[in-house]
1. Take A:Leu151 and tell me if it is within 23 Å of A:Trp85 (Cα to Cα) and part of a loop (DSSP other than H, G, I, E, B).
2. Going by the structure shown, is B:Arg226 more than 22 Å from B:Leu336 (Cα to Cα) and outside any helix (DSSP H, G or I)?
3. Could you please find all residues in segment A:225-258 being more than 15 Å from the chain's Cα centre (by Cα) and without any contact (Cβ under 8 Å) to a residue 12 or more places away in the chain?
4. Restricting the search to segment B:398-414, which residues are surrounded by 14 or more Cβ atoms within 10 Å (Cβ to Cβ) and at pLDDT 95 or above?
5. Give the number of residues within segment B:371-414 that are without any contact (Cβ under 8 Å) to a residue 40 or more places away in the chain and in a loop (DSSP other than H, G, I, E, B).
6. Being more than 9 Å from chain B (Cβ to nearest Cβ) and in contact (Cβ under 8 Å) with a residue 40 or more places away in the chain is the filter here, so list the residues in segment A:68-85 that pass it.
7. Run B:Tyr300 past the list (1) buried (at least 23 other Cβ atoms within 10 Å of the Cβ); (2) more than 7 Å from every other protein chain (Cβ to nearest Cβ) and report the number of the one that doesn't hold.
8. Looking at (1) at pLDDT 95 or above; (2) aliphatic (A, V, I, L, M); (3) assigned to a helix (DSSP H, G or I), can you tell me which one A:Val312 breaks?
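The values are calculated or read from the model by the stated rules, or taken from the named source; none is laboratory data. Please read all numbers here as calculations on a predicted model, not as lab measurements. Note: ideal-geometry Cβ built from the backbone for every residue, glycine included; neighbour counts use all protein chains shown.
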There are 2 protein chains.
Amino acid sequence: MSSSGPPPAPSAAAAAAEELAADLSAATLSKKQQKKDARKAEKAEKAAQRQQQQQPAEADDPFASNYGDVPVEEIQSKTISGRSWTKIGDLEDCAAGRSVLIRGSTQAIRPVSKKMAFVVLRQSMSTVQCVLVASADAGVSTQMVRFATALSKESIVDVEGVVSLPKEPLKATTQQVEIQVRKIYCINRAIPTLPINLEDAARSEAEFEKAEQAGEKLVRVGQDTRLNYRAIDLRTPANQAIFRIQCQVENKFREFLLSKDFVGIHTPKLISGSSEGGAAVFKLLYNGQPACLAQSPQLYKQMAICGGYERVFEVGPVFRAENSNTHRHLCEFVGLDAEMEIKEHYFEVCDIIDGLFVSIFKHLTENCEKELETINRQYPFEPLKYLEKTLKLTYEEGIQMLKEAGTEIEPMGDLNTEAEKKLGRLVKEKYGTDFFILYRYPLAVRPFYTMPCYDNPAYTNSFDVFIRGEEIISGAQRIHTPELLAKRATECGIDVSTISAYIESFSYGAPPHGGFGVGLERVVMLFCALNNIRKTSMFPRDPQRLVP
Amino acid sequence: MSSSGPPPAPSAAAAAAEELAADLSAATLSKKQQKKDARKAEKAEKAAQRQQQQQPAEADDPFASNYGDVPVEEIQSKTISGRSWTKIGDLEDCAAGRSVLIRGSTQAIRPVSKKMAFVVLRQSMSTVQCVLVASADAGVSTQMVRFATALSKESIVDVEGVVSLPKEPLKATTQQVEIQVRKIYCINRAIPTLPINLEDAARSEAEFEKAEQAGEKLVRVGQDTRLNYRAIDLRTPANQAIFRIQCQVENKFREFLLSKDFVGIHTPKLISGSSEGGAAVFKLLYNGQPACLAQSPQLYKQMAICGGYERVFEVGPVFRAENSNTHRHLCEFVGLDAEMEIKEHYFEVCDIIDGLFVSIFKHLTENCEKELETINRQYPFEPLKYLEKTLKLTYEEGIQMLKEAGTEIEPMGDLNTEAEKKLGRLVKEKYGTDFFILYRYPLAVRPFYTMPCYDNPAYTNSFDVFIRGEEIISGAQRIHTPELLAKRATECGIDVSTISAYIESFSYGAPPHGGFGVGLERVVMLFCALNNIRKTSMFPRDPQRLVP
């Protein structure tokens, strides 16, 4: 009865409305912004109404039935016509002269004369130019040309027409064919003045510079404005490409791990927890009990391993209530997590990561050319360099490289962001790769459940993985015996009684194991060398942003 | 630096420990249970230590190096031996006489004499019988037999041995071969008395009845006890099968939709919200702002459609703070959601569901035979009956069928659980299917954003989908024009100003669209005719349960 999944309660209508009201208030911007937007929208709607009233399909037009606004009643699942629809992306395959029916968004409308106009139609990453020329043969009147030129940008329209080859090669569209329009109907009008202009939102830095040199001032759409109007911003070619790339990364992650006998699982995000949890957790009440949102599926994926699942992975949200206002932190992100039994050595985990990421990179390079080119047009980047067999360096070797380059690092401390960046550059110079594993981290900088090294307990069987000088993966062998786990927890100042159930679960027969976690948004950001993680999260959450 | 994904904060060690402490406290049971468990564990550990002390690999045993406990130092990633490991599931393919190395859990240990013992080793859903016979030729001493028989159940052991064909066919193991043990090492001991016994947890109802008839009393493991010790309970064959089936349902869901040009997306679970949200939302503070957990990705998947993504799906957690203590409700479940542009009719959405679910059912039946048989052994069920082309009935037809069978339903009201069950039986009798779509629901029982029918606004372009008389999917055409949306919201008593941003987003150029939502746990529960949704959630959350 509800919008998705199990129904909430018997009083369906009331409950559904209430529930939706909650979900929907997510879209609510600040009150000030809201009022401003409301005024703007009202004004725009009135303008649209005026425009529509000014242009009725004139009674004296013999071709009046070939164009017009389709009333909403017609779109309420009235008919199943069986008509066949063509995708803009498939148009290249159509022979010139073929009739097609296309639904798309009016990306650009260019009146040429009373008798002629161009309408550029868009579907996701593809566009096609549609040509209207008034002619009795074609059933196109001057009134119809006027109707088309008066459409607002970003409206949804249905076009029937004939595929033709343009005389001159087309710019500004992704197709080498155009459509000679025979009929054009508007399905849903956009308001005449949108809060952001798609053209502005799609420009590259180079275009801005070129315009500036020419003394021209182009409108920039800031990151916040983009996110406020994400439903429009998502339509830019780069954004259409970014989230398709993200989907491909996740697909390949799953596909590779499934082929290696991993099982995909789901673990709870609502977990028991109290104030001891520290500042970094989101706290809430769960039926009166203190609870919090999971900061990682760590415990649960380990329990699945103890539960006999041998190799598991999870794709799911991870919550961090940190006040980190950086280009690379989010309060909610998509975690790609894996955990596996190991026979002897945590390099077995590293080998999985090696195979997994090399296959992801290859897949993107080989199968997502169009998406990568599209991102490159707005945000130019150098292709990621990686080796067939991923480079592994010890933490000590990394420190040594930095030292030789003049950066002193406390040997038992951690690398800061700056040092990581520098190490990334040094490794790229020396080994020719943007992607490498740094392993054997000091005990002091890893969580208590990390397995110490057998030969030197000041180090651990752990690793981080870097892309372009930024950490994207953390992983390690975990402690699988209750005695050592309790000892390490105590050494880290943790009250063992608060985690007794966790520790005990390793006394029920636990195999040696290890695993890792990756942030999906970071993988996409760093593969494409984007400068902000908000570009790779569809609806990002940071300390300042909870909407839309 | 952290266990998974981006690191929390610069002070890595402290932060990581703190963070983990929060995650780990999820495992904390009630204080009473905790203390009880602690005492039990302590006692058991002491017993294990005594046992170990009693059985040192005796100095006068020439084969002492062929068995024993492996100290944890040896498992701290000390060596990469390059040895090859055999999976129990692959043993059938091994020729008799071949040497193998296997790591597994000691599911059963059966002493026969001082000179002979059996150890049944398990890996996920496969088991194999290992035979120890003291003999100088084999390098097996009576001390080694004693070491093996003194192992606790569920311990992790490495066995080296030779594949052989048993004289008599084996019961109790899934293999038709056995292993003649040459070496046996314990990697990690389980405590001697586990809180639940795997044998008890794996019994079918039929076994209990049979025992009862024989005057024997078998131990039952209740659902709550199972969940309290889920890391053990997950090892039963049925549980190993259930979550593999769950993974396959998700895989097929993704695979089918990807093949139909859907893009997988991720939408935020933390959303802006205030107390208006009603009782069914989990509320929390987000950096001082009121926030709540998403009850569905409804708004966001619609925004993705408005954002030009044409067809999207999402797999992610859904949160419902309802006090529903039923066999089919959870407070957190995995939602499978989809949303798509429609050209003319919401039956385009129904067609996707038809193809999707028929392909899921076929995939499970054809490729998950072993898992389904395994579930069937503990929880017998009739295979799901479905048609190649899914049956669609109108809501009115459904009501009429119920009426004819003596159940009166208020025609503009909703079906209760009982009526749904009955309708399921009637449909199965008449049409021979457990799976069907009921469409054209009354307006009064659907959310305000549901598109009314063009010919009668008291009904909607909506549907529910049923498996074995229980609703699993809800879907509909959505309203795509701001005017109608505002009108419907007002009619439903919603203050339009609170959802203005949502309504406005349809004025930026929104295509006609529809979609649906499914609960992953329900699909698995109903496909396998299981009687409780807690059986198909790895770590379920209901009003009473937040741990582990």
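1. Values: within 23 Å of A:Trp85 (Cα to Cα): yes; part of a loop (DSSP other than H, G, I, E, B): yes.
The answer is yes for A:Leu151.
2. Numbers: more than 22 Å from B:Leu336 (Cα to Cα): yes; outside any helix (DSSP H, G or I): no.
It is false that B:Arg226 is more than 22 Å from B:Leu336 (Cα to Cα) and outside any helix (DSSP H, G or I).
3. Scanning segment A:225-258 gives A:Glu255, A:Leu258.
4. Hits for segment B:398-414 are B:Gly398, B:Ile399, B:Gln400, B:Met401, B:Leu402, B:Thr407.
5. 12
6. Keep residues of segment A:68-85 that are more than 9 Å from chain B (Cβ to nearest Cβ), which gives A:68-71, A:82, A:84.
Across segment A:68-85, the qualifying residues are A:Gly68, A:Asp69, A:Val70.
7. Tallying (1) buried (at least 23 other Cβ atoms within 10 Å of the Cβ); (2) more than 7 Å from every other protein chain (Cβ to nearest Cβ), B:Tyr300 fails exactly one: (2).
8. So A:Val312 meets the others, but not (3).
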